[in-house]
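Scroll down for the structure; my scribbles are underneath it.
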Amino acid sequence: MVEHTVSATQAIVTLDVALPGIIWGWMITLNMWAKSVGTGVVLVGAFLLWRHKKEELPGIRWTMPLISFVFLNIFLLFTLTDLHQPYRMINIFLHPHWTSAITVGAWMASLFTLLISIMAVIGFFEAHPNVRKNCKLANLAREKSALYDKIFPVAVVLAVPVTLYTAIIMAESAARELWQTPAELMQMMWAALMAGAAGLVFVSDKWSEGARRDLALVLAISTFFSFMMYMGEYFFSFKSAEAEATLAYVHAGGEYNTEFWAGMLIGFVAPFFIAIGTMKSDNKTLLRFAALLALIGLFMAKDVWLKIPQMLPLS
């Protein structure tokens, strides 16, 4: 709010006032959700390649970085769109301040996206049948496969801080007691594993039964522990008056109560039991259904958890 201006110096005197309503809305929810998918498919893909031969996972070296590339660019696009002056982002690279979580995260995310892009291109040439028929291209593909194998471990290591750094940014937000670093870190890691497993389910039809069983196992474990994280904070965030007041927006009923519990049931409870069932039956349709529910419910849960701390007046 402008109090007055000084004509001679063109100075503007402002007063600090509380910003009403929700500042971080659906765009930031989509940002975090897409980042979970983009990093999670790499983490879960690495686990599957460690557990199984790549012949049991046809196409994974191509589809995994492709899914990651698409969702990482959704994440970066909405990060850029949410900025009031997007061109300021250039200063993160031209004049970086390494004490800032945003700067460090932007550099890591950019490097991670570059590595994933290279992997996607190499994976495409490996998988394309015309490449295999052409001797020269086939030799080139084999050479680039070695580069893929060198890049992949670096991408896996980078996927961890890229998916976690947003938790640091949220925890740095003043007077947002519900966003505590340890809890947010674990929430985002389980979200990445959950979203990554769900994303890979949709390209797993030709994989071995054992590989799909491992996917279902990762989905079941991640949904279970994600649910436990939310329940722990929902019922036991009583040490902080602000956290209690924030959770009142869920406890007291209404829109956020409905969205929260719908997210818990759709995104965590139902996929957990379905995934456990598919580990025995290898039902591809049910597993895809569980993956779809997990992705929808994860978005709903993140949306509530992002918005309700902003509902509490800070003045």
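The values are calculated or read from the model by the stated rules, or taken from the named source; none is laboratory data. Just so it is clear, the model here is predicted, and its values are computed rather than measured. Every residue, glycine as well, gets a Cβ built from its backbone with ideal geometry; the counts of neighbours run over all protein chains shown.
In this structure, does E184 turn out to be part of a helix (DSSP H, G or I), acidic (D, E), within 30 Å of P65 (Cβ to Cβ) and without any contact (Cβ under 8 Å) to a residue 40 or more places away in the chain?
Yes.
In the stretch 251-260, which residue that is at pLDDT 80 or above and touching a helix residue (DSSP H, G or I) at 6+ places or on another chain (Cβ under 9 Å) is nearest to F225 (Cα to Cα)?
Only one residue tops the list, namely F260.
Among the residues of the stretch 1-53, what is the count of those that are modelled with pLDDT under 85 and either among the small types (G, A, S) or in a strand (DSSP E or B) (or both)?
Total satisfying the criteria: 14.
Filter the stretch 216-269 down to the residues that are under 21 Å from L185 (Cα atoms) and assigned to a loop (DSSP other than H, G, I, E, B) and list them by number.
Listed by number, the residues that qualify are S237, F238, K239, S240.
Restricting attention to the stretch 54-95, and to residues there that are more than 22 Å from the chain's Cα centre (by Cα) and basic (K, R), which single residue is modelled with the lowest pLDDT?
Here the residue is R88.
Condition check: farther than 29 Å from F47 by Cβ, in contact with a helix residue (DSSP H, G or I) (Cβ under 9 Å, 6 or more places away or on another chain) and at pLDDT 75 or above. Does T103 satisfy that? Don't jump to the end; show me each part of the working.
Details: farther than 29 Å from F47 by Cβ: yes; in contact with a helix residue (DSSP H, G or I) (Cβ under 9 Å, 6 or more places away or on another chain): yes; at pLDDT 75 or above: yes.
The answer is yes for T103.
Read through the list (1) at pLDDT 90 or above; (2) buried (at least 21 other Cβ atoms within 10 Å of the Cβ); (3) farther than 15 Å from S226 by Cα, then give the number of the only condition that A192 fails.
(3)
Restricting to the stretch 279-315, name every residue that is surrounded by fewer than 16 Cβ atoms within 10 Å (Cβ to Cβ) and of a type in the set (G, A, S).
The answer is S281, S315.
Can you tell me which residue is modelled with the lowest pLDDT among those in the stretch 131-164 that are within 26 Å of F47 (Cβ to Cβ) and small (G, A, S)? Quick ask: steps written out before the conclusion?
Keep residues of the stretch 131-164 that are within 26 Å of F47 (Cβ to Cβ), which gives 141-142, 144-164.
Imposing the further condition that a residue be small (G, A, S) reduces the set to 141, 145-146, 155, 159.
Numbers: A141: 55, S145: 75, A146: 76, A155: 93, A159: 92.
Filtering the stretch 131-164 for residues that are within 26 Å of F47 (Cβ to Cβ) and small (G, A, S), the one modelled with the lowest pLDDT comes out as A141.
Please give the number of the condition S36 fails out of (1) more than 18 Å from L306 (Cβ to Cβ); (2) buried (at least 23 other Cβ atoms within 10 Å of the Cβ); (3) not β-branched (V, I, T).
(1)
V203 fails exactly one of the following numbered conditions: (1) of a type outside the set (F, W, Y); (2) over 14 Å from the mean Cα position of the chain (by Cα); (3) in a helix (DSSP H, G or I). What is the number of that condition?
(3)
Take the residues of the stretch 261-278 that are in contact (Cβ under 8 Å) with a residue 40 or more places away in the chain and within 12 Å of F227 (Cβ to Cβ): which is surrounded by the most Cβ atoms within 10 Å (Cβ to Cβ)?
Narrowing the stretch 261-278 to residues in contact (Cβ under 8 Å) with a residue 40 or more places away in the chain: 263, 267-269, 271-272, 275-276, 278.
Now drop any that are not within 12 Å of F227 (Cβ to Cβ), which leaves 263, 267-269, 271-272.
Values: G263: 21, G267: 27, F268: 26, V269: 16, P271: 33, F272: 22.
Ranking the candidates gives P271 first.
From the residues in the stretch 205-236 that are of a type in the set (G, A, S) and crowded, with 24+ Cβ neighbours inside 10 Å, which one is farthest from V162 (Cα to Cα)?
Only one residue fits best here, namely A216.
For the subset of the stretch 109-130 comprising residues that are closer than 16 Å to A34 by Cα and among the hydrophobic types (A, V, I, L, M, F, W, C), which member is modelled with the lowest pLDDT?
So, considering only residues that are closer than 16 Å to A34 by Cα and among the hydrophobic types (A, V, I, L, M, F, W, C), the one modelled with the lowest pLDDT is A109.
Within the stretch 268-313, which residues are within 18 Å of F235 (Cβ to Cβ) and either in contact with a His (Cβ under 9 Å, 6 or more places away or on another chain) or not aromatic (F, W, Y) (or both)?
V269, A301, V304, I308, P309
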